[in-house]
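> Handing you a structure now.
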């Protein structure tokens, strides 16, 4: 077996080992993250005068959202009103998906 | 955290398989389990009716969630003109062309099949939709995003044939040009009357943004003129913020008459641009008349029996599947969507949720828990923006606002804050049009 084929086999076995129901299921995290794109653009690129969220690191997004939510002195206009809806776990789930956009 | 990270790694790995065309190989190696997992939605057909914010978003996100689903978008026009951003054109500081949206990216980048035609009827048991010109389309799921229709029977004295003289400008495109031309032709010292309808209607803050931006145009060009808002209601969206902005920017140029104080239209005389109120005892002889009629769900929804006694379409607010016809989803302005307003933003969000629900169900998977948002920006002036926001969840069978989140911009916030929100209003237009049609 060549290295290439061996690699693919391992990949395929890896997929089989994953719990089937979860593998492709659309998560609530994805749903919440997609909602960001209604303002920030379909790749989070921030078209026109909308700030980009594309180049944030995952931790940077978590920090920003948490600060919008918890810090009354943050410079938010509307993000404080959005961030107030989310738990720490939800903010992490959103950030994880946004950091994967490109 | 660990779980989330793990999720995204799996997600990426699947994308790699798809991108390299190795899915077939994996099926070969993995056998039936892999096949059933990937095969859940393969070749399933979804027909989406209406290329506005709701329909176009659904079509795009169905393909984003699962490129193996065949998606056909049926839209009667070659382009779509937005209502959002079109009041800016009435205000004289935005090109009309910016409201025009095409379907090229949906087709070329997302693989949505675009059919320019009209769906005349369907049979949801057979999974077949009839087109006016191009025969029929088969579907496993049907999504209807028909927008609104006007209750002309509730406007005494005028009908759709009078909208060249008395435009509603509540559907994108030509109607806005008519209203703009009338504003341009009006002499200084004239009166523009705007007549907002009863609830519920498309874009709750829209008539008041319009009053603001017409006042902006008049202040710059015809400063002795006046805007008269004859309202069917006693209150409106973001009222405190609008009134604060009106006083700051336009003095007493805008007069708002609530329904209980003579705002309710009794009769319209379109030829003379006269509108009678107070059961006909008061007449307003104006120079530009904009009557926004009361509304209900788009015609096809009504013709096909999707509406209830309110004129709107009841749906399962988790999946937007019609409560009347299984397999048919209704989204956007036409649907009854709990606490969500009838806005392009809401339709866009509902489109994504509906796409996720349909893909999940076609694959035999659990529908993800709904999470929805809305932000309605309005311009009171070109550099003066305000907003209302909400985050929604699904609880006890309905879409409800998350407590403690959302709300309107602060009052007395100062010029810099208003200017930033004006910039974000324009940014939102760019963002949402990209998310819908880009």
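The values are calculated or read from the model by the stated rules, or taken from the named source; none is laboratory data. This is a predicted model, so every value here is computed, not measured. Glycine gets a Cβ as well: all are built from the backbone with ideal geometry, and neighbour counts include every protein chain shown.
> State whether the residues of segment B:370-378 include one that is surrounded by fewer than 18 Cβ atoms within 10 Å (Cβ to Cβ), without any contact (Cβ under 8 Å) to a residue 60 or more places away in the chain and not in a strand (DSSP E or B).
Let us first name the residues in segment B:370-378 that are surrounded by fewer than 18 Cβ atoms within 10 Å (Cβ to Cβ), namely none.
No, every residue in segment B:370-378 fails to be surrounded by fewer than 18 Cβ atoms within 10 Å (Cβ to Cβ), without any contact (Cβ under 8 Å) to a residue 60 or more places away in the chain and not in a strand (DSSP E or B).
> For segment A:17-33, give me each residue that is at pLDDT below 95 and more than 16 Å from residue B:357 (Cβ to Cβ).
Those that are at pLDDT below 95 and more than 16 Å from residue B:357 (Cβ to Cβ): A:17, A:18, A:19, A:20, A:21, A:22, A:23.
> Also, I was wondering about something else. Going through B:137, B:106 one at a time, which residue ends up being assigned to a helix (DSSP H, G or I) and surrounded by 16 or more Cβ atoms within 10 Å (Cβ to Cβ)?
On the way: B:137 fails: assigned to a helix (DSSP H, G or I).
On inspection, the qualifying residue turns out to be B:106.
> Oh, and also: Does residue B:121 qualify as being touching a strand residue (DSSP E or B) at 6+ places or on another chain (Cβ under 6 Å) and touching a residue at least 40 places away in the same chain (Cβ under 8 Å)?
Values: touching a strand residue (DSSP E or B) at 6+ places or on another chain (Cβ under 6 Å): yes; touching a residue at least 40 places away in the same chain (Cβ under 8 Å): yes.
Answer is yes for this residue.
> For residues that are facing chain B (nearest Cβ under 8 Å) and not in a helix (DSSP H, G or I), scanning just segment A:67-102, find the one that is farthest from the chain's Cα centre (by Cα).
Only one residue fits best here, namely A:77.
> Out of the residues in segment B:326-337 meeting the condition of being in a loop (DSSP other than H, G, I, E, B) and crowded, with 19+ Cβ neighbours inside 10 Å, tell me which one is farthest from the chain's Cα centre (by Cα).
Here is the first cut: in segment B:326-337, the residues in a loop (DSSP other than H, G, I, E, B) are B:326-327, B:331, B:337.
From what is left, the residues that are crowded, with 19+ Cβ neighbours inside 10 Å are B:331, B:337.
Details: B:331: 10, B:337: 13 Å.
Residue satisfying both the conditions and the ranking: B:337.
> Which number in (1) outside the structural domain of residue B:287 (by TED's automatic domain parsing); (2) in a loop (DSSP other than H, G, I, E, B); (3) surrounded by fewer than 21 Cβ atoms within 10 Å (Cβ to Cβ) marks the one condition that residue B:84 misses?
If we test residue B:84 against (1) outside the structural domain of residue B:287 (by TED's automatic domain parsing); (2) in a loop (DSSP other than H, G, I, E, B); (3) surrounded by fewer than 21 Cβ atoms within 10 Å (Cβ to Cβ), just (3) comes out false.
> What is the one condition in (1) on the phi < 0 side of the Ramachandran plot; (2) at pLDDT 95 or above that residue B:38 does not satisfy?
(2)
> Exactly one condition in (1) surrounded by 13 or more Cβ atoms within 10 Å (Cβ to Cβ); (2) not assigned by TED's automatic domain parsing to the domain that holds residue B:357 is not met by residue B:130; state its number.
Unmet condition: (2).
> Right, another one. For segment A:41-51, name all the residues that are facing chain B (nearest Cβ under 7 Å) and on the phi < 0 side of the Ramachandran plot.
Within segment A:41-51, A:42, A:47, A:49, A:50 meet the criteria.
> Kindly indicate which of A:64, A:38 is at pLDDT 95 or above and more than 9 Å from every other protein chain (Cβ to nearest Cβ). Break it down stepwise before answering.
Details: A:38 fails: more than 9 Å from every other protein chain (Cβ to nearest Cβ).
Residue meeting the stated conditions: A:64.
> Something else now. Look through segment B:387-423, keep the residues that are surrounded by fewer than 22 Cβ atoms within 10 Å (Cβ to Cβ) and in a helix (DSSP H, G or I), and return whichever of them is farthest from the other protein chains (Cβ to nearest Cβ).
B:415
> Also: Looking only at segment B:285-300, which residues are surrounded by 17 or more Cβ atoms within 10 Å (Cβ to Cβ) and over 19 Å from residue B:154 (Cα atoms)? Lay out the reasoning, then the answer.
Step one: list which residues in segment B:285-300 are surrounded by 17 or more Cβ atoms within 10 Å (Cβ to Cβ), which gives B:286-298, B:300.
Hits for segment B:285-300 are B:286, B:287, B:288, B:300.
> OK, next. Give B:303, B:316, B:308 a once-over and let me know the one that is touching a residue at least 60 places away in the same chain (Cβ under 8 Å) and surrounded by fewer than 21 Cβ atoms within 10 Å (Cβ to Cβ).
Numbers: B:316 fails: touching a residue at least 60 places away in the same chain (Cβ under 8 Å); B:308 fails: touching a residue at least 60 places away in the same chain (Cβ under 8 Å).
Just a single option satisfies the conditions, and that option is B:303.
> May I pose another question? Evaluate the following for residue B:166: is it in the same structural domain as residue B:325 (by TED's automatic domain parsing) and surrounded by 24 or more Cβ atoms within 10 Å (Cβ to Cβ)?
Details: in the same structural domain as residue B:325 (by TED's automatic domain parsing): no; surrounded by 24 or more Cβ atoms within 10 Å (Cβ to Cβ): yes.
Considered against the rule, which asks whether it is in the same structural domain as residue B:325 (by TED's automatic domain parsing) and surrounded by 24 or more Cβ atoms within 10 Å (Cβ to Cβ), residue B:166 comes out as no.
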